[in-house]
Structure formats: C-alpha cells, structure tokens
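Okay, structure first, notes after.
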Amino acid sequence: MKKMSFAAILTAILLLFSCSSGGPGEGVTIAKINDYHLTVDDFKRQLAYEVQVSEDFKVDKAVGKEFLDQIISKELLIQEAKKLDLDQKERFLLSIARYWESALIRSLMEIKTEEISKNIIVSQEEIKAHYQNLVKESVLPPLQDMEPILREELTERKKTEVIEAWVNGLRKSANVEINEELLLKSL
C-alpha cells in the first residue's frame with residue numbers, strides 16, 4: 001500500500017508539472033493534439049513562465065508560433081511515453097521523487113535564508129578584524145576598497161552558521177531512531 005500511495009502521489013505531481021493539465025472544458029482550445037486540448041490560458045501561462053525564466057526570450061509572432069510547435073512536440077512525446085507506460089515505471093517515479101524532494105528543500109532553504117538575512121548584522125569591528133587577519137596572510141587593497149567584499153563574506157558566513165544551527169536544531173528536536181545492526185548489515 002505504501003508503494004501504491006507513493007506512486008499515486010508521484011503521478012499527481014507529474015500531472016501538475018506536465019503540459020497535459022488542460023481539458024476540453026477549461027477554456028478556448030488553441031491547439032488539439034490527439035485527445036489533448038491546449039487552451040489559450042495554458043498557452044499564455046506557459047509563454048509567460050518562459051519569459052520570466054529566460055531574460056533572452058523575446059516574444060513576437062514568429063517566436064509565439066515556434067513556442068507553440070515546441071509545446072506540441074513536447075505533448076506528443078509525453079503521449080508516446082504514456083502509451084509505453086513509462087510514467088508508471090519505478091525508475092521514472094524515483095527520479096520524480098528526487099526532483100520533488102530537491103525542489104521542496106530548495107524552496108525551504110530560500111525562505112529560511114531570506115528570513116535569516118533580515119536579522120544578520122555585520123559590524124565595522126568585525127570587518128576590520130577580518131581584514132586584519134587577511135592582511136597577515138597576503139597584501140590587500142586598502143580596507144575601504146575591500147569593505148563591501150568583506151561585509152558580504154562575513155554576512156554569508158553568518159547565514160551559513162545560523163542555517164547549520166537551525167538544521168541541527170531540527171534534528172535534535174526530531175524523533176530519529178536508527179537500527180545500527182541493520183545499518184551495518186546493509187552496508
């Protein structure tokens with residue numbers, strides 16, 4: 001049952017991220033690819049996303065038509081993969097699970113880093129002390145030239161320390177039980 005739930009969750013995630021989210025009743029169809037209806041809303045959403053993630057992506061009529069051709073090709077490939085039941089294979093489901101976990105953790109870390117960044121303060125004394133330590137090791141430009149670089153370096157160091165402490169706190173407050181004997185047999 002656990003494997004079945006896992007597969008059902010992963011299939012739902014796949015459907016969220018796939019091109020195949022539109023249906024005949026979800027707006028005006030801009031293109032029909034076999035039984036799949038690409039709505040104007042879905043097309044615009046995908047086009048807007050592409051513009052957001054790619055600074056070089058400039059939209060005009062030719063680019064719009066080319067983008068639609070890419071969506072059609074992608075949908076045909078998805079349909080072919082589904083015919084072969086590739087979306088149900090364990091290897092595929094595991095890769096989706098890994099991607100999902102990675103994306104989820106990345107989002108959490110971005111939120112936590114942003115939250116932590118608001119409370120990080122680097123004093124002039126810290127910058128001067130860091131500069132003095134670095135000057136002992138090599139010749140550096142004057143402190144006023146190095147200050148922005150040193151401030152950023154110290155800020156990042158503090159963020160890393162706070163994040164590590166937060167993660168360690170999560171682990172300490174969690175109920176983690178390890179079967180050492182089984183672990184040794186598994187290695």
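No value in this document is a laboratory result; all are computed from the given coordinates. These numbers come from a predicted model, not from an experiment. Cβ sites come from the backbone with ideal geometry, for glycine too, and all protein chains shown count toward neighbours.
Annotations
- A simple charge model with +1 on the Cβ of Lys and Arg, -1 on the Cβ of Asp and Glu and nothing else charged puts the dipole of the chain at about 500 debye relative to its Cα centre.
- The alpha-carbon of K74 sits under 23 angstrom from the alpha-carbons of these lysines, leaving out residues fewer than 8 places away in its chain: K32, K44, K58, K61, K65, K82, K83, K89.
- Low-density loop positions, GluC sites (Glu not before Pro), the stretch 35-67 - DSSP coil, at most 11 other Cβ in 10 Å: E55
- Distance between the pseudo-spin-label points of Q132 and D35 (7 Å out from Cα toward the beta carbon): 7.5 nm.
- Pairs of Lys residues in the stretch 120-186 are counted when their Cα atoms are under 22 angstrom apart and they lie 8 or more places apart or on different chains; the count is 5.
- Compared with the alpha-carbon gap, the fully stretched path from E161 to L143 is longer by 4.0 nm at 0.36 nm per residue.
- Pairs of Cα atoms farther than 16 Å apart, the stretch 120-186, %: 63
- Estimated [θ] at 222 nm from DSSP helical runs (n ≥ 4, -39500 (n - 2.57)) normalised by residues in the chain, nearest 500: -24500 deg cm²/dmol
- Computed FRET value (nearest 0.05) for L68 with E115, which takes r as the C-beta separation and R₀ as 35 Å: 0.30
- Screening the chain for DSSP H helices whose Cα atoms reach 18 Å or more along their own axis and whose mean Kyte hydropathy is at least 1.0 gives 2-17.
- Across the alpha-carbon set of the chain, the Rg to Rh ratio works out to 1.14, Rh being the Kirkwood radius.
- If the chain linking K44 and K61 were pulled fully straight, counting 0.36 nm for each residue of separation and taking away their Cα-Cα distance, it would gain 4.8 nm.
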